[in-house]
1. Within a Cβ distance under 14 Å of residue 107, other residues only, what is the Lys/Arg minus Asp/Glu net charge?
2. Report the local net charge at residue 118: Lys and Arg +1, Asp and Glu -1, summed over other residues whose C-beta lies under 9 Å from its C-beta.
3. Between residue 105 and residue 215, what is 0.36 nm times their sequence separation minus the Cα-Cα distance? Round to one decimal in nm.
4. So if I place +1 on the C-beta of Lys and Arg and -1 on the C-beta of Asp and Glu, and nothing else carries charge, what would the dipole magnitude of the range 122-200 be about its Cα centre? I want it in debye, nearest 20.
Amino acid sequence: AEKVLASVGRRPRATRPPGEPLGLAKAAPGTQRDGPRGPYWLVRRALAEVSGDDAAVQRQYAAVQRQYAAVLRGARQRLDELEASAALCHVADGTPDGPLFLDIETCGLAGACIFLVGLMQYRDGELIFEQHFARHYGEEPAILAAFAERLAAAATLITFNGKAFDMTNLRERAAFHGVDLGRDPPHCDLLHESRRRWRKALPNCRLQTLEQYLCKRR
């Protein structure tokens, strides 16, 4: 107690001034794009640039998709007999560049502003990541309009909990800004597929649990 009382009258220690904030262009190098609803920031990279350890994934992606579909057709099996959805059947019957993978980031809970639309698609033998950033609230309509164009061209949409979160938020914010997202392509929500397949075999079907047990990531 004496030490606490003695310290009350001491001068506060000098603190180090914070450094300059790191700009988006340095934190996430990309380019400004001008879309139908205005400018936004786009980061576009191949999987090999993001993670060299996972570069083998993109080499296997197309081959696995083709082999999976061929085995099922050759065995005269239907994916729905294996507790898969119609959307997963559509993925297996399609081409490797058909699915569009989606993940978004918002400023909070449901109904909050979307500041990032993350996409991935197979192009020219590579898995390509795209991050559509709204650098301020005024650019949210621009990234929604850019997503609408990609969604219209996608054969299948793939998400994790996207039916409850990603697409619900995207449609709410698009309606708020008057952006027409059109109709969804077949939507394969991997959370639902995982629950059908592994709900009795795993502790739960959270993304981290699936990564640990199925992808062997720690």
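All of the numbers you see were taken from the coordinates with simple rules; none came from a lab. This one's a predicted model, so the numbers in the text were calculated from it and none came from an experiment. Positions of Cβ are backbone-derived with ideal geometry, glycine not excepted, and every protein chain shown enters the neighbour counts.
1. On the way: positive: 135, 173; negative: 105, 139, 140, 172.
Result for the neighbourhood of residue 107: -2.
2. It works out to a net charge of -3.
3. Full extension from residue 105 to residue 215 adds 37.2 nm.
4. Computed about the Cα centre, the dipole is about 600 debye.
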